[in-house]
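Read through the structure below, which is laid out as structure tokens, and then see the notes.
The numbers here are math on the coordinates, done by the rules we state, and not lab data. The structure displayed is predicted, hence computed values, not measured ones. Cβ sites come from the backbone with ideal geometry, for glycine too, and all protein chains shown count toward neighbours.
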Amino acid sequence: MTKAPLRIGMIVPSSNTAFEPAVADMHLPKSDVTIHVSRARVTSVSLGAGSQEQFSSDPMCAAALLLADVRPDLLVWAGTSGLWLGLDHDRSVCEALTKATSVRATTTTLALFDACASLGVRRSALVTPYLSEIVDRIVATCAGAGVSVVAERHLGLSDNHSFGLVTEKEISALALACATSDLDGCLIACTNLGGPGVVAALEQQLGAPVLDSIAVTVWHALKVAGLAEPGTPQRPGPSTPGRARAEIGAR
């Protein structure tokens, strides 16, 4: 019997429209990995109590239990809420997901800081669609993780669906407005911004790695799940399809 590909379960914010199309455009080889998606209700992002309740463990565990039926090798909260709620919040979400399903778990925020460490990013630009109050929290979380935000641009939006309507041209303009000789990276922080398509051009223009939340989430998931060739944080996926599976043991 042919060995099954790695199965990765992604929990995506319910009003997110950018994540799945971007992942589909990565053309990950199905012989190596398949991505399976469930959703947790998220409609707005602010520091209001109602908004923050969306990111509690209970709704994510409900989504994870549905994904558990495909017997995934890894579960991922594909949202950046840990950037403003803190790394401990994301770690507690991972613990809850694993307790509910007996499957390892990680998050986009953990992926972003893993990518920063991998590429030596310590002084970064920051691009987000969020409100100023959220950006202030993100800057503080980055600082606590050893990444100084030296320039940032944000759109001041709170409706999660509206994030997905931001064009690649607008994302690029925000990133280029952060250009400074002091930066050694640029974070596009939101899994409902369609950033993967502008990474290559922005890296040439900025002269530094560009870490898009969607691309980095996929790269980190492939790495943690045990793919021998997860690609790079900017360009996830194996370079030799069909031969990239690491030995991860029986399911």
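Here are the numbers for this structure:
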read-out: The stretch 111-213 shape via C-alpha gyration tensor axes, a/c threshold 1.5; value: oblate
read-out: Least to most buried among 106, 17, 217, 80 (fewest other Cβ within 10 Å first); value: 17, 106, 80, 217
read-out: Packing-based ranking, highest mean first, of 61-73, 44-56 given that Cβ atoms within 10 Å are counted; value: 61-73, 44-56
read-out: Helix 57-67 vs. the chain, principal-axis angle (Cα, 0 to 90°, nearest 10); value: 40 degrees
read-out: Nearest-ten-degree value, helix 87-101 long axis tilted from longest Cα axis of the chain; value: 20 degrees
read-out: Neighbour-count ranking [beta-carbon atoms within 10 angstrom, fewest first] of 89, 220; value: 89, 220
read-out: Crossing angle, helix 213-225 versus the chain [Cα axis fit, 0-90 degrees, rounded to tens]; value: 30 degrees
read-out: Among [x] 56, 42, 39; [y] 53, 41, 31; [z] 62, 34, 31, the entry that matches Cα extents along the principal axes in Å as calculated here; value: [y]
read-out: Cross-link pairs beyond the 21 Å C-alpha cut-off, checked among 3/223; 30/99; 30/169; value: 30/99; 30/169
read-out: For the stretch 122-173: rounded, prolate or oblate by the Cα gyration tensor [a/c cutoff 1.5]; value: oblate
